[in-house]
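Just so it is clear, none of the values below were taken in a lab; they were calculated from the coordinates. It should be emphasised that the depicted structure is a prediction, and the values quoted were computed from it without experimental measurement. Using ideal geometry, Cβ is built from the backbone for each residue, glycine included, and neighbour counts are taken over all protein chains shown.
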Ligand code: CP
Ligand code: NVA
């Protein structure tokens, strides 16, 4: 949300450009001698690999910082860590639980800070998702997207994307698992929140879902399996969507829960392209923040 819609469009176009150049074997290293600090308080496959490989490809270096090895894990205050880490690096990426940790870090940091997932948002995933829609179906402006499942960090970032990229978002979720009320209000007529999964999916251009129990909610798994029963994207639900609809999932996926095996691995699924695009979209983000000094 710190970028304008025009800046986001330029960023996605640059991601597509960087992807093509990388595949042609063209070397592009504007981040030589630059360091990305990567703070992970939660597990990750895609985010870590894409940021780390991305920095390597751009000629820079990525530093993996886990709470078990840094003083942050032993209680050093976030404002202290932010001033120190940002004095030695060029950009910082944080994956953590409470969103205000990222906000506080950014307030005290002298370099740009990237949200690499909090309990509230997952914006880097949406950069890759918007890039993937652009590659698959063109401009998403005016399209209808249906998110099925938990009103969680991914849902909130889809809501932010609906504002920035100008599309309608249907959200189908069980009672008690709705997205943030203030954000829902902010979207106004741009969002429809319903418990009726078929109504939400009807004629939709894109169906997307996420796990029922996010990181940090492992002990709620059984409870959530009951609450979310029926909120699955499967072949039957895809059949009520637009015939050219595509399916996205940020991964990791739980086959047989939020998505059927057939949809995840089926012809309408773009999930592997979507995962790969984390690399290209975040390279464009790093170039924008560090090399071009945007923000
Ligand atoms: N989609 C995503 O962020 O994956 P990781 O948790 O593996 O980084
Ligand atoms: N909602 C999930 C997304 C994982 C990429 C979680 O927070 O665990």
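Pull out all pairs, ordered by first then second residue, where Cβ-Cβ is under 6 Å, the residues are six or more apart or on different chains, the first lies in the stretch 250-264 and is in contact (Cβ under 8 Å) with a residue 40 or more places away in the chain and over 17 Å from residue 274 (Cβ atoms), and the second is part of a loop (DSSP other than H, G, I, E, B) and within 15 Å of ligand 2 (Cβ to nearest atom). Cβ pairs passing all conditions: 257/212. If only residues of the stretch 248-276 that are in a helix (DSSP H, G or I) and within 20 Å of the chain's Cα centre (by Cα) are counted, the one that is nearest to residue 176 (Cα to Cα) is 264. Within the stretch 216-252, the set of residues being within 12 Å of ligand 2 (Cβ to nearest atom) and touching a strand residue (DSSP E or B) at 6+ places or on another chain (Cβ under 9 Å) comprises 249, 250. Of all the numbered requirements in (1) surrounded by 12 or more Cβ atoms within 10 Å (Cβ to Cβ); (2) on the phi < 0 side of the Ramachandran plot; (3) out of contact with any strand residue (DSSP E or B) (no Cβ under 6 Å at 6 or more places or on another chain), residue 32 misses one, and that requirement is (1). Checking the stated criteria, residue 285 turns out not to satisfy the condition of being out of contact with any helix residue (DSSP H, G or I) (no Cβ under 8 Å at 6 or more places or on another chain), touching a residue at least 60 places away in the same chain (Cβ under 8 Å) and under 21 Å from residue 131 (Cα atoms). Apart from one condition, residue 151 fits all of (1) under 18 Å from residue 268 (Cβ atoms); (2) within 14 Å of ligand 2 (Cβ to nearest atom); (3) outside any strand (DSSP E or B); the exception is (1).
Checking 54, 60 one by one, the residue that is in contact with a helix residue (DSSP H, G or I) (Cβ under 9 Å, 6 or more places away or on another chain) and within 16 Å of ligand 1 (Cβ to nearest atom) is 54 and no other. Put simply, of 92, 148 the only residue that is within 17 Å of the chain's Cα centre (by Cα), buried (at least 23 other Cβ atoms within 10 Å of the Cβ) and more than 28 Å from residue 170 (Cα to Cα) is 92.
The number of residues in the stretch 211-247 that are away from ligand 1 (no atom under 16 Å from the Cβ) and not in a loop (DSSP other than H, G, I, E, B) comes to 15.
Scanning the stretch 109-118 for residues that are in contact with a helix residue (DSSP H, G or I) (Cβ under 6 Å, 6 or more places away or on another chain) and crowded, with 18+ Cβ neighbours inside 10 Å returns 109, 111, 112, 113, 115, 116, 118. Please find, among 247, 228, the residue that is over 22 Å from residue 129 (Cα atoms) and buried (at least 20 other Cβ atoms within 10 Å of the Cβ). That would be 228, the only listed residue that is over 22 Å from residue 129 (Cα atoms) and buried (at least 20 other Cβ atoms within 10 Å of the Cβ).
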